[in-house]
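Note sheet for the following structure.
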Amino acid sequence: MTSARHRTLVAIFARPTRSDLRWAEVETLVRGLGGEVLQREGSRVAFILNLIRAVFHRPHPRPTASKGAVDPIRRFLATVGVKP
């Protein structure tokens, strides 16, 4: 795992939840872990990792994920066995 991806992973699991996490970095992390990022309807994005699928809403108009969007990503990564 590259140092940039590791920083993103640490930021996702940071407490208190961060609100400055760039969505593009989350997608890069999932791809770097061997997962797939699939565009769905509208702003929905499916992440598939370790045969587990989750659908999230890509933030807009800003490129950063809100705190409410980071929590489900954290749970998804923990479920598939990815932790910093």
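Numerical summary
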quantity: Output for the range 32-49, where each listed residue is in contact with a helix residue (DSSP H, G or I) (Cβ under 9 Å, 6 or more places away or on another chain) and either charged (D, E, K, R) or closer than 15 Å to F76 by Cα (or both); calculated: L33, G35, E36, V37, V45, F47, I48, L49
quantity: Pairs, first more than 16 Å from P63 (Cα to Cα) in the range 11-30, second outside any loop (DSSP other than H, G, I, E, B), C-beta under 7 Å, six or more apart; calculated: F13/R74; T17/K67; T17/V70; T17/D71; V30/V37; V30/F47; V30/L49
quantity: Search result, residues across the range 50-63 that are within 11 Å of the chain's Cα centre (by Cα) and not aromatic (F, W, Y); calculated: A54, V55, H57, R58
quantity: Per-region count, the range 56-74, residues exposed (fewer than 15 other Cβ atoms within 10 Å of the Cβ), touching a Ser or Thr at 6+ places or on another chain (Cβ under 9 Å) and more than 15 Å from V45 (Cα to Cα); calculated: 4
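Any read-out appearing in this document is the output of simple, stated calculations on the displayed coordinates, not a laboratory observation. What you see is a predicted model, and the numbers here were worked out from it, not measured in a lab. With ideal geometry, Cβ positions are generated from the backbone for all residues, glycine too; neighbour counts draw on all protein chains shown.
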